[in-house]
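Here the structure is laid out as structure tokens; the discussion comes afterwards.
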Amino acid sequence: MDAGIIISTHGMPAFVHLQLESVRRFSPRLPVLVYDDCSPQGDVLSYLANLYGARFESAPRRYGHYLGDMRAYSVGLKWGMSRGFDYIIKISRRFIVVQNWLNEFKSIAEYAPATIAMGSDTVGWYLRTSWIAMRIEDWCIHIPTIDRYANSGDLICVEYCLGDLSKQFGHFTVFPFLDNTKAEGRDNGNFLWYDFANGERYYRQSREWGLNYLVDSFNASANLDTT
């Protein structure tokens, strides 16, 4: 099973650095693409990506929180196709995995489900997209649709769009590591997410991993202006 990780963001190098460090610790052999929605911090993000041996790509213009996030899926799937990956794993830059996850993921991926993800009854969405694995052989057929949404200019809900597309392959396969009940809103000790982790919590994790940032570097707004 070959997989690649795409980290989507709009600026916020401290979070991206924390995410790259998480990947280095728990999935060091998986190739990584850092995709930035045309932020002013592109040079810093490119430097960090290079520091960790990751690829960096920036959008040609600012697409915004919703459309920029949607475009990341298309970029990731096309990158995965070019590299011959079985899966592309998209992770939002604030979704920081802090425990070993790769072996459990591989055991699920052996059965080749089209989508490995988590659901959420927090807001009634079918699935959550801050961590989602897409089997490229299946999802590649949706690239034109994803591109059309990303270029539409409409403020679409990414969870609704991808949830509907995923249903064409049947029900997604739950990744127990992520927890399927109010997944992002409950701290199960496996990851950090802004629903329950404030800037201080991210800061403490960064210090534990030897990254030198101030707590203010992690006090970003939850939505709208960031991915």
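Between the alpha-carbon centres of the stretch 192-206 and the stretch 1-45 there is a gap of 17 Å.
One decimal place: the segment ASP216-ASP187 gains 8.2 nm when fully extended, by the rule 0.36 nm per residue minus the C-alpha distance. Within the chain, the longest run free of exposed loop sites, counting trypsin sites (Lys or Arg not before Pro) that sit outside DSSP helix and strand states (H, G, I, E, B) and have at most 10 other Cβ atoms within 10 Å, spans 62-227. Derived scalar couplings between HN and Hα for the stretch 203-217 equal 4, 4, 5, 4, 5, 4, 8, x, 8, 9, 10, 8, 4, 5, 5 Hz in order, rounded to whole Hz, by the Karplus curve 6.51 cos²θ - 1.76 cosθ + 1.60 (θ = phi - 60°), x for Gly and Pro.
The three principal axes of the Cα atoms in the chain give end-to-end lengths of 44, 36, 34 Å, sorted in falling order. Dividing the summed helix terms, -39500 (n - 2.57) for each DSSP H run of n ≥ 4, by the number of residues in the chain produces a 222 nm estimate of -10500 deg cm²/dmol to the nearest 500.
Of the solvent-accessible surface of the chain, computed with a 1.4 Å probe and all protein chains present, 46% belongs to carbon and sulfur. Within the shell of other residues whose beta carbon sits under 13 angstrom from the beta carbon of ARG55, the net charge comes to 0, with Lys and Arg scored +1 and Asp and Glu -1. When only the Cβ of Lys, Arg, Asp and Glu is charged (+1, +1, -1, -1), the dipole of the chain relative to its Cα centre reaches about 320 debye. In this simple spin-label approximation, ILE143 and MET81 carry label points 7 Å from Cα along the Cα→Cβ vector, and these lie 0.2 nm apart. Under a Gaussian network description of the chain, with springs only between Cα atoms under 10 Å, the residue in GLY53, GLY210, GLY68 that fluctuates furthest is GLY210.
The values are calculated or read from the model by the stated rules, or taken from the named source; none is laboratory data. Quantities reported herein were computed from a predicted structural model and do not represent experimental measurements. Counting neighbours? That spans all protein chains shown, and the Cβs are built from the backbone with ideal geometry, glycine included. Accessible surface areas use protein heavy atoms only, side chains included; no ligands, DNA or RNA. Shrake-Rupley method; radii C 1.70, N 1.55, O 1.52, S 1.80 Å.
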